[in-house]
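Reviewing the structure listed below.
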Amino acid sequence: MLGSLSETQRPARWAWLLLVPVTAPVLLLYAWLLVASWSDGMEGFRPLGWTWENWSFLWQPDPFGPSMVQLTINTLLFALLVALGEVLLASTAAYALSRLAVPGRRLWLAMLIVLHAFPGITLLVALFLLLRQLGLYDTLAGVVLAKIALELPFHVWVLKGFYDQVSWDHEMAALLDGASRLAAWWRVVLPIIRPGLMASAVFAFLSGWSEFLLPYVLAPGAGVQTLPVYLGALLSQADVARYGTVTAVAVFYMIPVMLVYLFLQRYLMVLYTGGVKR
């Protein structure tokens, strides 16, 4: 039996080799980007020289645009507010759909799938007009609200799956001990689905950090510009673009994403495994 078990496990042990042909070109391109950010120019994969000038945007602000500090703060604030808003709203809505006798529950669940599949780009004009009416156009708050509204169905659906895995026994025991429904949700249920909350927060943060279209359309002002929009502006004029600076900004822009994946990737895997804290 032990011999047959090892035979069945052996293909899985070497299955990661199948990923090499897929990941190797991607890793090669990232390596080229890193080398190009420190070079005077590139001939294929060979640098023509080395320079610090590509990274001068860190200590020499652009006189015609926002500083890199302001861009980073805007992007970080946008991503954090999106993650916080989506987790707070999705955790309550998902609990209601999973635990409470909500009228039209099946319809709400069906609408979640439809809204998630609906392309958000088709709502840009409506969002533009709505934010103009509310006085939130060209503000960070308006873009945050638009981003949360477009991605909330996905996070509600994901967190509902985590709530569904929590046994009723935990919640009923708290209710029998005299806890209110709100207290049972806060003190008993939420700690159990903490992996799901963290996974949803990390996914929302990464989505907010990489968002380009909504800030580009709904917040075009320099005071609320984010890093993806700034990077797109550097590439908008190909004939005068400084590609060494472009590569350096791209590497700088990737650093937080790499750190998040490095330290929090186990929470992202929870989205695929659907595990909860027992």
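The values are calculated or read from the model by the stated rules, or taken from the named source; none is laboratory data. None of the values given here were measured: they were computed from a predicted structure. Cβ placement follows ideal geometry from the backbone for every residue including glycine, while neighbour counts extend to all protein chains displayed. Accessible surface areas use protein heavy atoms only, side chains included; no ligands, DNA or RNA. Shrake-Rupley method; radii C 1.70, N 1.55, O 1.52, S 1.80 Å.
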Spin-label model distance (nm) - residue 265 vs residue 179, 7 Å beyond Cα toward Cβ = 3.5
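Counting pairwise Cα distances across the range 64-271, what percent come out greater than 26 angstrom?
Values: 9597 of 21528 pairs.
Here the long-distance tail beyond 26 Å is 45 percent of all Cα pairs in the range 64-271.
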query = According to a simple spin-label model (label point 7 Å from Cα along Cα-to-Cβ), what is the distance in nm between residue 236 and residue 26?
reply = 3.0
query = For the range 64-271, what is the relative contact order in percent, using Cα pairs closer than 8 Å and at least 6 residues apart in sequence?
reply = 34
key: Per residue accessible area of the chain, 1.4 Å probe, in Å²   = 60
ask   = Mind checking which of 214, 176, 152 has the largest fluctuation in a GNM of the chain, springs on alpha carbons under 10 Å?
value = 176
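Probe radius 1.4 Å, ligands and nucleic acids ignored: give me the carbon and sulfur share of the accessible area of the chain as a rounded percent.
Values: 11890 of 16720 Å².
C and S fraction of accessible area: 71 percent.
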ask   = What does the helix-only formula give at 222 nm for the chain: each DSSP H stretch with n ≥ 4 adding -39500 (n - 2.57), the total divided by the residues, and the result rounded to the nearest 500 deg cm²/dmol?
value = -22000 deg cm²/dmol
